[in-house]
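Trainee: Below you will find the structure I want to go over with you.
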């Protein structure tokens, strides 16, 4: 148990690409498990954006990571962090098309946050709306307002700036710092469970 804990801690320092390479070379699940842990919440949030339903989104997360187990060994990946959201988006759109549901692609502005999303730890169950609302309530008012308008109301940086009266640079700063603070708040809530 002690040795496994040391090994898992060491893997946290590895880059995504090193983990992918080690998984492809050895087939050892511990490398994939570390990647899964880093990106579970991000994949869930992308799925939720397309599928809306929490249960469908959870099932899609598991389906996507099962597919990754199969396709990673034969795929050359230069930047896993940028590659993964594209795969998730494609899988969600394919799922919706198979169900006969029309989906318009999100605006480019709304997708910008995917590149900025920080890594989230895995949890048994993704956190719920109540936890997110509680975590948001702990933020500065400016950060909370900007995050709400940008992510939930799907406004662009310029629209948030016009709505709030904050200069564009401040909006970007509030969003970046707000995401960082929100992550800390959510991690604290998860740790308290």
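Trainee: Regarding residue 47, is this residue in contact with a helix residue (DSSP H, G or I) (Cβ under 6 Å, 6 or more places away or on another chain), surrounded by fewer than 19 Cβ atoms within 10 Å (Cβ to Cβ) and assigned to a helix (DSSP H, G or I)? Before the answer, list the steps.
Mentor: Working: in contact with a helix residue (DSSP H, G or I) (Cβ under 6 Å, 6 or more places away or on another chain): yes; surrounded by fewer than 19 Cβ atoms within 10 Å (Cβ to Cβ): no; assigned to a helix (DSSP H, G or I): yes.
No; evaluated as a whole, the condition is false for this residue.
Trainee: Check 163, 181, 185, 158 and return the single one that is on the phi < 0 side of the Ramachandran plot, outside the structural domain of residue 48 (by TED's automatic domain parsing), assigned to a helix (DSSP H, G or I) and free of Cβ contacts under 8 Å to residues at least 12 places away in the same chain. Outline the logic, then answer.
Mentor: Values: 163 fails: free of Cβ contacts under 8 Å to residues at least 12 places away in the same chain; 181 fails: free of Cβ contacts under 8 Å to residues at least 12 places away in the same chain; 185 fails: free of Cβ contacts under 8 Å to residues at least 12 places away in the same chain.
That would be 158, the only listed residue that is on the phi < 0 side of the Ramachandran plot, outside the structural domain of residue 48 (by TED's automatic domain parsing), assigned to a helix (DSSP H, G or I) and free of Cβ contacts under 8 Å to residues at least 12 places away in the same chain.
Results for (1) touching a strand residue (DSSP E or B) at 6+ places or on another chain (Cβ under 9 Å); (2) modelled with pLDDT under 85; (3) surrounded by fewer than 18 Cβ atoms within 10 Å (Cβ to Cβ); (4) part of a helix (DSSP H, G or I), shown as yes or no for each residue.
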| position | (1), (2), (3), (4) |
| --- | --- |
| 55 | no, no, yes, yes |
| 59 | no, no, yes, yes |
| 62 | no, no, yes, yes |
| 66 | no, no, yes, yes |
| 69 | no, no, yes, yes |
| 76 | no, yes, yes, no |
| 84 | no, no, no, yes |
| 89 | no, no, no, yes |
| 94 | no, no, yes, yes |
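Trainee: Exactly one condition in (1) in a helix (DSSP H, G or I); (2) at pLDDT 80 or above is not met by residue 139; state its number.
Mentor: Going through (1) in a helix (DSSP H, G or I); (2) at pLDDT 80 or above one by one, residue 139 breaks only (1).
Trainee: Now a separate question. Residue 142 is checked against (1) over 20 Å from the mean Cα position of the chain (by Cα); (2) under 14 Å from residue 132 (Cβ atoms) and fails just one. What number does that condition carry?
Mentor: In the conditions (1) over 20 Å from the mean Cα position of the chain (by Cα); (2) under 14 Å from residue 132 (Cβ atoms), residue 142 misses (2) alone.
The values are calculated or read from the model by the stated rules, or taken from the named source; none is laboratory data. Keep in mind it's a predicted model, so treat the numbers as computed, not measured. Note that we place each Cβ from the backbone using ideal geometry, even for glycine, and neighbour counts take in every protein chain shown.
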